[in-house]
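The values are calculated or read from the model by the stated rules, or taken from the named source; none is laboratory data. All of these numbers come straight from a predicted model, not from anything done at the bench. Note: ideal-geometry Cβ built from the backbone for every residue, glycine included; neighbour counts use all protein chains shown.
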Amino acid sequence: MTSGLARKISGYVRPYTPLLLGALVQVFVLLGFELLKPWPLKIVIDNALGGKPLGFGPLVWLMPGIEGWSADRLVAAAVAALVVIYLLSGALTVLYNAMAIWLGQRMVTDLRGRLYAHLQRLSLAYHSRQRVGDLMMRVTADSYALQTMIMNGVLPILQALVLLIGMIIVLAPIDPELTLVSLSIVPLLFVLIGLFNRKIAGIATVARDNDSLVYSVAHWGLGSIKLVQAFTKEEDEHRRFMDVSGAALRSHLKLYSWQTLYSAVIGTLMALGTALVVYVGAHEVLSGALSVGTLLVFTTYLAQLYGPVNQITQSWGLIAGARVGATRCFEILETEADLVDGTRSFPESGATGRLEWRDVAFRYRAEQSVLCGITLKVEPGQTVALVGATGAGKSTLLGLIPRFFDPSEGTILVDGVDAREYEIKSLRRQVAMVLQPPLVFPLSVRENIAYGRPEASLDEVIAAAKLAEIDRLIVSLPQGYDTLVGEGGATFSEGEKQRLTIARALLRAAPILILDEPTSALDAETEALVMAGIRRLTQGRTTFVIAHRLSTVRRADVILVLKDGVIAEAGRFDELMHRNNGLFQQLYNTQFDLTEETHVGV
């Protein structure tokens with residue numbers, strides 16, 4: 001683990017220090033029980049059965065008079081002690097595991113919360129550069145990395161080190177030579193740890209990246225299922241998914257193969273060490289230099305001696321694998337929010353709705369210019385329609401108002417103040433939006449409409465639904481306004497979903513209104529009814545409409561024609577239509593004949 005990553009993790013773990021110290025105390029007590037486990041058997045074999053005196057030791061000091069006990073009484077006491085040691089050890093293990101699991105899950109939940117909150121603070125420009133599946137992988141799967149590193153890595157390693165030191169302290173006075181024999185393979189074990197872990201860490205990184213790609217492909221395919229089926233691309237998408245899934249499978253097989261080889265090599269080396277200790281110890285017993293009971297203690301400790309070494313190797317391997325996930329999590333947390341929150345807020349009465357763009361340019365990427373040199377003034381209460389070809393920059397121009405992203409150059413003023421000086425929440429409360437495609441949530445109809453004003457009363461929700469011409473449909477549903485909307489609004493048509501989002505914007509009743517093709521999925525009759533409600537809403541509000549229908553364009557105070565990120569033309573409908581060979585006139589004539597069609601090009 002690099003020092004930089006260790007510092008980041010230690011900073012994150014610091015609030016959990018008291019709980020971790022409590023876990024460590026339990027670990028040390030458990031280690032004491034582990035060190036005690038072989039000694040009752042030694043007493044049975046050497047003292048009760050072999051007739052050797054106990055001699056002076058902790059047991060004699062704690063229990064005066066034990067030297068005179070009969071063999072039966074000594075066996076009974078040793079067996080009872082063995083049962084008590086295992087019972088207390090088991091009870092404390094249950095308590096420790098429960099605490100470790102709770103603490104680990106708490107760390108995962110907190111990290112997920114921080115990741116999710118940070119992602120929501122990052123601008124749409126950032127999210128446009130990311131794969132949603134990859135971000136989901138980081139939030140849901142990589143967030144387990146800290147739990148793995150701390151609870152399954154660092155703590156077990158500390159436990160193993162303390163146990164290893166404790167057993168060396170106990171064994172060395174009994175037989176220094178046999179203790180050295182026991183430890184002879186430890187240096188080689190740690191050399192192998194380093195060699196294998198470097199290899200496994202690299203393979204784990206590739207496997208995690210491949211898993212992320214599987215998430216991304218699956219998310220896109222399932223989220224675009226309608227498009228996939230419409231173009232009969234099921235087989236192609238299945239093939240694409242199987243390709244990335246196969247790559248992930250191969251990388252995991254390679255990872256598991258190396259991990260298995262790692263375990264096999266370590267296990268073989270530990271078996272050789274055990275065989276060496278048994279061989280040397282047996283010769284000492286035959287020569288009378290060592291008792292059978294002492295050899296039993298040695299061989300029992302030997303399994304526990306190599307156990308901690310093996311635990312260190314396994315835990316270090318877990319840390320190496322989890323390091324990849326932790327790095328990916330901190331990459332998100334260290335991404336600077338490109339939207340710096342301001343300090344000003346709007347008065348209770350809200351914004352007046354005066355907006356101004358001063359030589360504004362915007363780029364999603366350095367090489368990708370979307371807007372260039374936009375200069376525009378909009379007075380309170382005006383309705384501004386935007387038209388132009390797809391990709392001309394209409395949605396981006398309006399997305400700058402609520403600060404979905406900030407201009408790459410220039411300034412946007414709201415009520416005469418740079419929008420960047422306002423608190424983002426305060427600024428966005430001044431804006432109501434109907435976006436494309438219409439977005440609804442798997443909540444009740446009422447909650448969908450009141451999404452921007454959850455404190456709104458049912459009467460206010462119903463009033464907004466009536467203005468959006470969706471009330472009659474809602475009351476016909478099984479639970480009326482309490483009816484749950486299916487995932488992605490599957491229980492509603494596109495037009496019905498659009499009317500729900502219009503009702504949501506109507507209920508928000510903000511001084512600035514952004515309508516992104518608000519009637520594109522409505523039939524002519526419903527459009528006329530909805531537009532009547534929208535016209536009532538726009539009175540006294542600054543309104544921006546990405547125009548799709550002629551009725552919207554005709555009533556606008558000014559129409560902006562965007563082309564290649566600049567305002568190519570601006571004026572009222574009649575003015576633009578009388579410009580010979582003007583861009584708006586060309587768009588109009590391309591899309592409509594001269595018999596009063598109801599659409600204008602987007």
If I go through the stretch 437-466 residue by residue, how many of them are part of a loop (DSSP other than H, G, I, E, B), crowded, with 16+ Cβ neighbours inside 10 Å and hydroxyl-bearing (Ser, Thr, Tyr)? 1
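Limited to the stretch 345-385, what total is found for residues that are part of a strand (DSSP E or B), among the basic types (Lys, Arg) and surrounded by 14 or more Cβ atoms within 10 Å (Cβ to Cβ)?
2
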Is it the case that residue 102 is within 26 Å of residue 159 (Cβ to Cβ), modelled with pLDDT under 75 and hydrophobic (A, V, I, L, M, F, W, C)? no
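Residue by residue, here is whether (1) modelled with pLDDT under 85; (2) surrounded by 13 or more Cβ atoms within 10 Å (Cβ to Cβ); (3) not assigned by TED's automatic domain parsing to the domain that holds residue 137 holds:
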{"residue": "182", "(1), (2), (3)": "yes, yes, no"}
{"residue": "189", "(1), (2), (3)": "yes, yes, no"}
{"residue": "198", "(1), (2), (3)": "yes, no, no"}
{"residue": "220", "(1), (2), (3)": "yes, yes, no"}
{"residue": "226", "(1), (2), (3)": "yes, no, no"}
{"residue": "232", "(1), (2), (3)": "yes, no, no"}
{"residue": "246", "(1), (2), (3)": "no, no, no"}
Has the stretch 566-588 got any residue that is assigned to a strand (DSSP E or B), more than 44 Å from the chain's Cα centre (by Cα), surrounded by fewer than 19 Cβ atoms within 10 Å (Cβ to Cβ) and at pLDDT 80 or above? yes
Mind telling me which of the residues 260, 268, 232 ends up being free of Cβ contacts under 8 Å to residues at least 12 places away in the same chain and under 29 Å from residue 172 (Cα atoms)? 268
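Of all residues being β-branched (Val, Ile, Thr) and within 10 Å of the chain's Cα centre (by Cα) in the stretch 101-125, which is surrounded by the fewest Cβ atoms within 10 Å (Cβ to Cβ)? Just the residue, please.
Here the answer is 109.
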Note on the stretch 162-210: residues closer than 30 Å to residue 243 by Cβ, among the small types (Gly, Ala, Ser) and touching a residue at least 12 places away in the same chain (Cβ under 8 Å) are 201, 204, 207
Hey, any hits in the stretch 224-237 for a residue that's assigned to a helix (DSSP H, G or I) and within 25 Å of the chain's Cα centre (by Cα)? yes
Report yes if some residue within the stretch 262-272 is closer than 30 Å to residue 182 by Cα, within 33 Å of the chain's Cα centre (by Cα), in a helix (DSSP H, G or I) and of a type outside the set (Gly, Ala, Ser); otherwise report no. yes
In this structure, is residue 262 in contact with a helix residue (DSSP H, G or I) (Cβ under 6 Å, 6 or more places away or on another chain), of a type in the set (Phe, Trp, Tyr) and modelled with pLDDT under 80? no
Members of the stretch 371-415 that are hydroxyl-bearing (Ser, Thr, Tyr) and in contact with a strand residue (DSSP E or B) (Cβ under 7 Å, 6 or more places away or on another chain): 375, 383, 395, 396, 408, 411
Of the residues in the stretch 100-123, how many are among the aliphatic types (A, V, I, L, M) and touching a helix residue (DSSP H, G or I) at 6+ places or on another chain (Cβ under 6 Å)? 6
Residues of the stretch 13-43 being without any contact (Cβ under 8 Å) to a residue 60 or more places away in the chain and of a type in the set (A, V, I, L, M), which ones? 21, 25, 36
Considering only residues of the stretch 386-436 that are within 23 Å of residue 340 (Cβ to Cβ) and among the β-branched types (Val, Ile, Thr), which is surrounded by the most Cβ atoms within 10 Å (Cβ to Cβ)? 414
Do any helices (runs of 4 or more DSSP H) entirely within the stretch 1-43 hold 2 or more residues that are hydroxyl-bearing (Ser, Thr, Tyr) and closer than 25 Å to residue 108 by Cα, and if so, which? 3-13
Evaluation of residue 405 against (1) more than 27 Å from the chain's Cα centre (by Cα); (2) over 18 Å from residue 511 (Cα atoms) (one fails), failing number: (1)
Within the stretch 406-436, track down each residue that is closer than 30 Å to residue 492 by Cβ and in contact (Cβ under 8 Å) with a residue 40 or more places away in the chain. 429, 430, 431, 432, 433, 434, 435, 436
So, of the residues in the stretch 171-204 that are assigned to a helix (DSSP H, G or I) and of a type in the set (Gly, Ala, Ser), which turns out to be nearest to the chain's Cα centre (by Cα)? 204
